[in-house]
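**Student:** Before we start, here is the structure in question, set down as structure tokens.
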Amino acid sequence: MTKELLKGNIAIAEAAVRAGLEAYFGYPITPQTELLEYLSQRMTELDRVFLQAESEVAAINMVYGAACTGARVMTSSSSPGVSLMQEGMSYIAGSELPCVIVDVMRGGPGLGNILPSQADYFQVTRSAGHGDFHPIVLAPASVQEAIDFVGLAFDLADKYRHMVLLAADGQIGQMMEPAELPPMRPLQKNVPDWALTGAKAREKRVITSLYLKGEEEEAFNLKIQKKLKQIKKNEQRSVEYATEDAELLVIGFGTAGRIAYSAVEAAREKGLRVGLLRPQTLWPFPERRISELADQASGCLVVEMNAGQMVEDVRLAIGGQIPVTFYGRTGGIVPMPDEILAAIEESYSRLQIAV
Amino acid sequence: MDLVMAPPEMQVVYEHPRSLADVPTRYCPGCTHGIAHRLLAEAIDELGLQERAVLVAPVGCSVFAYEYFNVDACQAAHGRAPAMATGLKRMLPENIVITYQGDGDLVSIGAAEIMHVAARGERITTIFINNAIYGMTGGQMAPTTLPGQKTTSSPLGRDTRRTGAPIRMSEVLAQFDGAAYIVRRSLHDVANIRKAKKAILTALKVQMAGLGFSMVELLSSCPTNWGIAPEKALDWIEQNMIPQFPPGDYKVHDAVKTL
Ligand SMILES: Cc1ncc(C[n+]2csc(CCOP(=O)(O)OP(=O)(O)O)c2C)c(N)n1
Ligand code: SF4
Ligand SMILES: [Mg+2]
């Protein structure tokens, strides 16, 4: 396999096709529309299901229906569209159905703008719908990682019977870079034993999220919590750069994490003991590794393209061991490496490094 | 032993439909949701569809429809059954996908979803229970509530100047090219119930033949929230609902005759 120059949205779409996507339902919204456009042709070509829904509300409920059949199903949208999908996402969680949702985040609140943003960190990790659950959230920082995470997303969704969100920002969706696509996987053949297919020569099956009795609803919730605990244990993912002897630990995800990498490199060149941790999973948050690194570091700087939403998770992971500072841009502004470098130097100068 | 054996001249004229689960329902006494269930189950049986059917239950008094039918089933968010059914049908084109929805569900919160399945000619069948009220939440005004009708959220009677007039959804949906069979029937007496059964059979056949979207609207009673005794509630359908919602065939695809 060789690398080709690929645009993020198209790469995600093709990666989904190759991961065995059987049905896609979506609605146009910048900056993810190319994904839908690409699949409109590609899925039809392959005789798989593609449908442009009348709204994101309908799209997610089509996903809900198609997921009931045990198929690999996906939708994609961007921030305002994901807001509309939250009802359906909650039902999907309440019915324990696997599916993949791509969120190419843009500036908000409201209609906001179409620039890259990470302002929906809370939305994807905390409030992906009413009720007590978290989706699995993967945050790619490059086109290649987006491709790799699509395959992972489907596998995790099937493994845990849970929804997986691919939380990319507009930058990942829109930029082109060399990347390698995986080979085409065959469509999965075996239908899971909970799927709706028509009650032929078997008992009928029911998929519902309704548990009228408090005890039953609680039992179901405990079951989901057990699953989420398992996910939390198994699936925390992050990558690191120069953390071995880091006094200042920089943490950033997605595009912000990638730019922070350049800033950390520059800081190292200046002789500062700075390292980077980039969470790849936003939920489960890589709290184990962050806590370990906090044991050796003297301070932490969080960099985001929002007003500091992930700071809460970092603080929880660190548990007050070391001070946590924040640098971020909002409104769709992507921070420059030298801005982050300045923030690093500022935080670094305030560290009380033990000698 | 001999005493309990049926004499040879007796024959079975009515059986519990196989597709109807033998469980108590949560419907109020005299509610015609039960009749609609029986008709649908009989139609599924008669067409041999029990093993192919996938039912989408709504949010409303019939939310537990998935317990009452012996077919594969799921439960949609309020108003979204048509979208969910779309996802199911696209994945299971050989199955028979049925939504069962109330008037609040279908005409109010789910107005967009039902219009778009009709527009796309989605090969699904909808059983639409119009009881002119939000039954499950305790009798609030629906878009189908009659002018002057008292509900818990229109205690002085529906004022059409402020809240609009009833939406006749069968007439609306008949406008879409993708709609193959759209009819309204009533459940207030035996003759009409028989017609309703026939319509449900036809609607399912329309789906089997892949002609497009099919829907049977059924005028149905809600004695509890109308505050009327069950028998009187049937009269109320005839006297008050039928003038607003005339039973009839609003869209019948040419090929329906051949079914
Ligand atoms: C999103 C959402 N909004 C509101 C409700 C509350 N709710 C439950 S049933 C219902 C009305 C159902 O009325 P209808 O569809 O006419 O069914 P019926 O009970 O009359 O058969 C409402 C508003 C809900 N469950 N979900
Ligand atoms: S509230 Fe009305 S619609 Fe609901 S079960 Fe009772 S009578 Fe039927
Ligand atoms: Mg009603």
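None of the figures in this text is laboratory data; all of them are computed from the coordinates on show. Predicted model, so just to flag it, every value in this text is computed and none were measured. Cβ: placed from backbone, ideal geometry, glycine included. Neighbour counts: every protein chain shown.
**Student:** For peptide A:47-59, compute the average count of partner chain beta-carbon atoms within 10 Å of each residue's beta-carbon.
**Tutor:** Partner Cβ neighbours, averaged per residue: 4.
**Student:** Sticking with the crude label model, points 7 Å out along Cα→Cβ, report the distance from A:Gln41 to A:Arg18 in nm, one decimal please.
**Tutor:** Here the modelled spin labels are 1.8 nm apart.
**Student:** Quote the FRET efficiency, to the nearest 0.05, computed for B:Lys257 versus B:Gln175 with a Förster distance R0 of 22 Å and r equal to the Cβ-Cβ distance.
**Tutor:** Here the calculated transfer efficiency is 0.55.
**Student:** Which one, A:Met184, A:Met89, A:Met163, has the greatest fluctuation when you compute a Gaussian network model over chain A with C-alpha springs under 10 angstrom?
**Tutor:** Its mean-square fluctuation being the largest, the pick is A:Met184.
**Student:** Are there any GluC sites (Glu not before Pro) in the stretch A:214-314 that are in a DSSP loop and have at most 11 other Cβ atoms within 10 Å? List them by number.
**Tutor:** A:Glu244
**Student:** Looking at the square roots a ≥ b ≥ c of the eigenvalues of the Cα gyration tensor of the stretch A:20-82, which shape do they give, rounded for a/c under 1.5, prolate if a/b is larger than b/c, or oblate?
**Tutor:** oblate
**Student:** Loop-only GluC sites (Glu not before Pro) in the stretch B:37-101, please: DSSP not H, G, I, E or B, and at most 12 other Cβ atoms within 10 Å.
**Tutor:** Here the sparse-neighbourhood loop sites are B:Glu94.
**Student:** Peptide B:44-54: average number of partner chain Cβ atoms within 10 Å per residue?
**Tutor:** For this peptide, the per-residue mean of nearby foreign Cβ atoms is 3.
**Student:** Under unit Cβ charges (Lys, Arg +1; Asp, Glu -1), what dipole magnitude, rounded to 20 debye, does the stretch A:203-355 have relative to its Cα centre?
**Tutor:** That gives the stretch A:203-355 a dipole magnitude of about 620 debye.
**Student:** From the phi angles alone, apply the Karplus equation (6.51, -1.76, 1.60; θ = phi - 60°) to the stretch A:190-197 and give each ³J(HN,Hα) in whole Hz, x where the residue is Gly or Pro.
**Tutor:** 7, 8, x, 7, 10, 6, 7, 9
**Student:** 5 Å is the cut-off here: which amide hydrogens, built 1.01 Å from N in the peptide plane, fall below it relative to B:Ser220, excluding neighbours closer than 5 in sequence?
**Tutor:** B:Asn130, B:Asn131
**Student:** Turning to a different aspect of this structure: Using DSSP to call loops (not H, G, I, E or B), can you name the GluC sites (Glu not before Pro) in the stretch A:124-210 whose Cβ has at most 14 other Cβ atoms within 10 angstrom?
**Tutor:** Within the stretch A:124-210, the qualifying GluC sites (Glu not before Pro) (loop, at most 14 other Cβ atoms within 10 Å) are A:Glu180, A:Glu203.
**Student:** List the residues of the stretch B:35-56 whose backbone N lies under 13 Å from a point placed 7 Å from the Cα of A:Lys200 along the Cα-to-Cβ direction.
**Tutor:** B:49-54
**Student:** Can I ask one more? Gaussian network model of chain B, Cα springs within a sub-10 Å range: biggest mean-square fluctuation belongs to which of B:Met115, B:Met169, B:Met91?
**Tutor:** Maximum fluctuation in the GNM of chain B, among the listed residues, is at B:Met91.
**Student:** Considering only B:Leu219, B:Leu106, B:Leu39, give the residue with the highest GNM mean-square fluctuation for chain B, with springs between Cα atoms whenever their separation is below 10 Å.
**Tutor:** B:Leu39
**Student:** Would you mind checking the pairs A:Lys189/B:Lys89; A:Lys204/B:Lys195; A:Lys3/A:Lys233 and listing those with alpha carbons more than 27 angstrom apart?
**Tutor:** Flagged as over cut-off: A:Lys204/B:Lys195; A:Lys3/A:Lys233.
**Student:** Separation between the A:Arg268 and B:Met10 pseudo-spin-labels, each 7 Å from Cα along Cα→Cβ, expressed in nm?
**Tutor:** 9.1 nm
**Student:** Mind giving me the nanometre distance, one decimal, between the label points for B:Ala209 and A:Gln52, set 7 Å out from Cα along Cα→Cβ?
**Tutor:** Simple spin-label model gives 3.1 nm for this pair.
**Student:** List, in order, the whole-Hz ³J(HN,Hα) value for each residue of the stretch A:19-25 obtained from phi through the Karplus relation with A = 6.51, B = -1.76, C = 1.60 and θ = phi - 60°; use x for Gly and Pro.
**Tutor:** 7, x, 4, 9, 8, 10, 10
**Student:** Please name whichever of A:Leu115, A:Gly65, A:Thr197 sits farthest to the positive end of the charge dipole of the stretch A:4-234, dipole taken about the Cα centre and charges placed at Cβ: Lys and Arg +1, Asp and Glu -1.
**Tutor:** Positive-end residue among those listed: A:Thr197.
**Student:** Estimate the FRET efficiency between B:Gln140 and A:Met184 by the formula 1/(1 + (r/R0)^6), using the beta-carbon distance for r and 35 Å for R0, to the nearest 0.05.
**Tutor:** Step by step, r from the Cβ atoms, then E = 0.10.
**Student:** At a temperature of 4 °C and a viscosity of 1.567 mPa s, determine how fast the stretch B:193-259 diffuses translationally according to Stokes-Einstein, using the Kirkwood radius over alpha-carbon pairs as Rh; express D in µm²/s, rounded to the nearest whole number.
**Tutor:** 95 µm²/s
**Student:** Could I ask something else about it? Lysines within cross-link reach of B:Lys150: Cα-Cα under 19 Å, excluding same-chain residues under 8 positions apart?
**Tutor:** Counting by Cα, and skipping residues close in sequence, B:Lys150 has these lysines nearby: B:Lys232.
**Student:** Return one quarter of the surface area of the convex hull spanned by the alpha-carbon atoms of chain A, equal to its mean projected area, in nm².
**Tutor:** Averaging across all directions leaves 19.0 nm² for the Cα convex hull.
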